[in-house]
Amino acid sequence: MNFVKENGRTIPAEDKVFALSGRAKAAIAAKGKDAVINATVGALLDDNGDLVVMSSVVDAIRTLTPADYAEYAPITGTPAFKDAVVKALFGSYGPSGHVSVCVTPGGTGSLTSVIANYSNYGDAVLTHDWCWANYKNIAVSQGRTLRTFRFFNEEGGFDAADLEKQLNELAAVQDQVVLMINTPAHNPTGYSLSLEDWDALISIVNKAECKVVLFLDIAYIDYAGEEDEVRAFLPKLADLGDHAIVIFGYSASKTLTAYGMRCGAIVCMAKNEEDAEEFRRAAEYSARSTWSNCNRSAMVVMSKIYSDPELQVKVDEERRMYRDMLLERGRVFEKTLNDNGVSCVPFSAGFFVTIACDDPAEVGRKLEEQDIFCLALAKGIRVSIASISKEKCVKCAEAIAALLK
Ligand code: PLP
């Protein structure tokens with residue numbers, strides 16, 4: 001009968017990643033986990049293939065009271081949660097300007113909110129061509145389109161020239177552009193903007209002849225490298241002109257290995273109080289009209305961790321251990337690829353490595369025949385190094401290189 005209205009969306013029969021991961025799980029059930037490489041999952045698994053759950057976070061969860069679960073939370077989040085997010089996001093740098101925080105269900109909710117509140121129906125939202133596929137779904141679901149600039153130039157560096165071109169073209173038809181940048185440890189490439197890239201980006205935004213909402217998706221920041229180093233770009237944001245506003249998409253999913261708790265935040269850093277207050281009003285309204293309010297118990301856990309220096313040290317140290325495990329997998333994967341004559345899309349750190357190729361669907365199929373499950377994107381193969389051991393990183397990189405050479 002077709003009761004569902006597509007409304008410009010292309011609703012697939014099933015989610016591609018979850019379907020692929022289902023096939024990988026079936027292969028594991030049939031052949032055993034040593035025989036299968038499941039590099040599909042966007043979650044951190046240990047070398048045995050078990051989900052990493054930080055015990056320090058679990059300890060904090062165990063202290064929750066029934067009211068922490070049961071009571072409604074304020075729509076924008078509890079005050080203690082908001083303080084916790086500011087600490088978690090800015091680290092030792094501290095914010096500049098006027099900050100306002102609204103809790104969201106994961107980092108995903110922050111994307112929904114920024115698009116709902118900072119673009120018009122029919123607008124194009126600008127992002128890099130390599131991007132998390134959900135960016136498009138979230139934009140299109142809200143009657144917007146997704147426009148992309150080339151993330152990397154011929155030399156394999158940040159393509160500032162194409163960003164400038166695309167932004168200027170949009171500025172000619174829109175008075176305001178939401179520019180979404182996922183860094184550090186970008187999904188799917190693992191690229192982190194360098195400080196020079198940041199200078200170029202800020203200068204382009206400052207020259208733009210439209211208002212710019214710079215949305216920074218920092219979902220993977222805590223896995224990108226040393227805490228201070230990966231936040232070194234933050235002071236540069238103060239150089240943005242008055243026609244720009246910075247909005248962060250924060251996710252506790254990865255930071256606390258708490259994907260299922262659905263906790264994140266949208267954080268505005270404005271030059272003046274009126275813009276920060278306008279943000280609060282809009283974020284609160286769109287939260288109320290979509291998911292209403294968020295998981296209070298997750299907020300209490302965040303608040304406990306970031307208000308107790310001892311607990312925070314425990315969590316940070318535990319995460320550092322897993323982060324270093326992940327960084328090592330990345331180094332090994334990239335080296336094995338390179339040793340076999342293949343290079344990846346510029347990679348620095350994070351959950352994923354991507355290898356550009358001509359027919360990703362075919363490469364994905366051939367890998368699957370070898371019980372190696374990786375996501376075929378439009379322009380390459382995405383490998384979740386977060387979900388496979390160092391040994392499997394070597395095998396996977398060798399298999400991909402053998403197919404591509
Ligand atoms: N941003 C990027 C680039 C992601 O890859 C993800 C999750 O995979 C998110 C945001 C949001 O994650 P969550 O909603 O689970 O916090």
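The values are calculated or read from the model by the stated rules, or taken from the named source; none is laboratory data. Note that the coordinates shown come from a computational prediction; the quantities given were computed from them, not determined experimentally. Glycine gets a Cβ as well: all are built from the backbone with ideal geometry, and neighbour counts include every protein chain shown. Quick note on the areas: whole protein, heavy atoms, side chains included, nothing else; ligands and nucleic acids left out. Shrake-Rupley method; radii C 1.70, N 1.55, O 1.52, S 1.80 Å.
Structure summary
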read-out: Total residues in region 156-209, condition at pLDDT below 95 and open to solvent by less than 10 Å² (accessible area, probe 1.4 Å); value: 0
read-out: Any hit, region 91-109, residues being in contact (Cβ under 8 Å) with a residue 60 or more places away in the chain, away from the ligand (no atom under 16 Å from the Cβ), under 17 Å from Ala298 (Cβ atoms) and open to solvent by 40 Å² or more (accessible area, probe 1.4 Å); value: no
read-out: Residue count, region 31-44 (criterion: without any contact (Cβ under 8 Å) to a residue 40 or more places away in the chain and part of a helix (DSSP H, G or I)); value: 2
read-out: Hey, Asp47 under 24 Å from Asp371 (Cβ atoms) and free of Cβ contacts under 8 Å to residues at least 24 places away in the same chain or not; value: no
read-out: Members of region 338-367 found to be hydrophobic (A, V, I, L, M, F, W, C), assigned to a helix (DSSP H, G or I) and surrounded by 19 or more Cβ atoms within 10 Å (Cβ to Cβ), listed by number; value: Val363, Leu367
read-out: Residues (in a helix (DSSP H, G or I) and away from the ligand (no atom under 16 Å from the Cβ)) located in region 219-240; value: Glu227, Asp228, Glu229, Leu234, Pro235, Lys236, Leu237, Ala238, Asp239
read-out: Only listed residue being in contact with a strand residue (DSSP E or B) (Cβ under 8 Å, 6 or more places away or on another chain), away from the ligand (no atom under 16 Å from the Cβ) and assigned by TED's automatic domain parsing to the domain that holds Leu367, chosen from Val36, Val41; value: Val36
read-out: Considering residues of region 52-74 that are assigned to a loop (DSSP other than H, G, I, E, B) and open to solvent by 40 Å² or more (accessible area, probe 1.4 Å) only, the residue nearest to the ligand (Cβ to nearest atom); value: Val53
read-out: Candidates Lys405, Lys390, Lys335, filtered to the one that is closer than 19 Å to Lys33 by Cα, surrounded by fewer than 20 Cβ atoms within 10 Å (Cβ to Cβ) and out of contact with any strand residue (DSSP E or B) (no Cβ under 6 Å at 6 or more places or on another chain); value: Lys390
read-out: Residues of region 152-177 satisfying the condition of being aliphatic (A, V, I, L, M) and farther than 16 Å from Leu214 by Cα; value: Ala161, Ala172, Val173
read-out: Subset of region 115-143 (residues that are within 12 Å of the ligand (Cβ to nearest atom), in contact with a Phe, Trp or Tyr (Cβ under 6 Å, 6 or more places away or on another chain) and farther than 16 Å from Leu170 by Cβ); value: Trp130
read-out: Failed condition for Val85, given (1) closer than 24 Å to Leu179 by Cβ; (2) not assigned by TED's automatic domain parsing to the domain that holds Glu227; value: (2)
read-out: Selected residue (criterion: surrounded by the fewest Cβ atoms within 10 Å (Cβ to Cβ)) from residues of region 285-302 that are within 22 Å of the chain's Cα centre (by Cα) and in a helix (DSSP H, G or I); value: Ser286
read-out: Test: residue in region 167-180 that is over 22 Å from the mean Cα position of the chain (by Cα) and among the β-branched types (Val, Ile, Thr); value: yes
read-out: Members of region 241-280 that are open to solvent by 40 Å² or more (accessible area, probe 1.4 Å), more than 16 Å from the ligand (Cβ to nearest atom) and either assigned to a helix (DSSP H, G or I) or closer than 30 Å to Ala60 by Cβ (or both); value: Glu273, Glu274, Asp275, Glu277, Glu278, Arg280
